[in-house]
Amino acid sequence: MGFLNHATNNIIIDAVLTERGREYLAQNNGAFKIESFSFGDDEVDYTLLEKYGISIGKEKIEKNTPIFEANPNENIALKHQCFSLPNPLTRLEKLPYLVWENKNERAGISLSDVQGTGTEVQSDIVIRNFVDNVATTYNLDANINDNKMIIRMHNDLLRISSVEPSDRDLNNIATYILPAPTIGGGSFSNQRESNFTVFTNGIVTSDDFTKYGSVGNVNLINTKIQIIGQSSGSSLIIPVTITRQVNN
């Protein structure tokens, strides 16, 4: 759903059903029920507040921000969702974000479709929530401390070892919900962590390279893994490249 307000005092609501919503509506069996909704601020450039100050920056945001059309693909419709904080949280002192703990020097993950000399077909991923500038004794409010992580990836290209997805949508994007228990000796007292292993071996086929291969290189697929903190709404994207092993 998009709110369109171009140089008028009228607010026009441009609302469309997502692909998942259309799927439920087409079933005509009562499965289509709107129980919740989300807002996002993908279009807003908050650096205007720093550049012009709060009063002028706010006015520029309200008058000059271009509003995106409503997008029926629920996987990309809202990249920066707004979230509500439940009572008794009265003051937001620190907002956690997600870090790829075992990233090391990598910009992303490089995998192969099949095991070959010097190639990898799986990768262990460690995700932690993090808070800047706090002591190790700091205790993050439980309302925004992620005890679960939502993991999304293309089911034709990647899977998580020993875990079944909780959902797969019409675009075959799989959603996993993984626990994130508290770790000992973390950056703050109740820091949480989620570990999982993604793999490609036995998943990616030649047809997938034909369908998803990069422009100019059909032996290379670029995809991604999205991790979302269930309570904080923090999001992290890990790029993944999958290379086809060609027999010489």
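So that you can scan it fast, the table gives a plain yes or no per residue for (1) surrounded by 20 or more Cβ atoms within 10 Å (Cβ to Cβ); (2) β-branched (V, I, T); (3) out of contact with any Cys (no Cβ under 6 Å at 6 or more places or on another chain); (4) part of a loop (DSSP other than H, G, I, E, B):
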site	(1), (2), (3), (4)
K94	no, no, yes, yes
E105	no, no, yes, yes
L111	yes, no, yes, no
Q115	no, no, yes, yes
D124	no, no, yes, no
N133	no, no, yes, yes
T137	no, yes, yes, yes
N143	no, no, yes, no
M153	yes, no, yes, no
Specify which of the listed residues (N75, N71) is outside the structural domain of G233 (by TED's automatic domain parsing), modelled with pLDDT of 70 or more and either assigned to a strand (DSSP E or B) or surrounded by 14 or more Cβ atoms within 10 Å (Cβ to Cβ) (or both).
N71
Given the criteria in a helix (DSSP H, G or I), at pLDDT 75 or above, in contact with a helix residue (DSSP H, G or I) (Cβ under 6 Å, 6 or more places away or on another chain) and outside the structural domain of L170 (by TED's automatic domain parsing), does L49 qualify?
yes
Kindly indicate the residue of region 222-248 that is in a loop (DSSP other than H, G, I, E, B) and among the small types (G, A, S) and also nearest to C82 (Cα to Cα) among those meeting that condition.
G233
Could you list all residues from region 18-40 that are farther than 25 Å from I67 by Cβ and not in a helix (DSSP H, G or I)?
N28, N29, G30, A31, F32, K33, E35
Take the conditions of a type in the set (G, A, S) and part of a loop (DSSP other than H, G, I, E, B) and apply them to A174. Does it pass?
no
Which of the residues belonging to region 201-248 are β-branched (V, I, T) and under 11 Å from H154 (Cβ atoms)?
I203, V204, I221, T223, I225, V240, I242
Taking region 28-40 on its own, how many of its residues are at pLDDT 80 or above and surrounded by 10 or more Cβ atoms within 10 Å (Cβ to Cβ)?
1
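The values are calculated or read from the model by the stated rules, or taken from the named source; none is laboratory data. Predicted model only: the values in this text are computed from it and were never measured. Because the Cβ atoms are built from the backbone with ideal geometry, glycine has one as well, and the counts that use them run over all protein chains shown.
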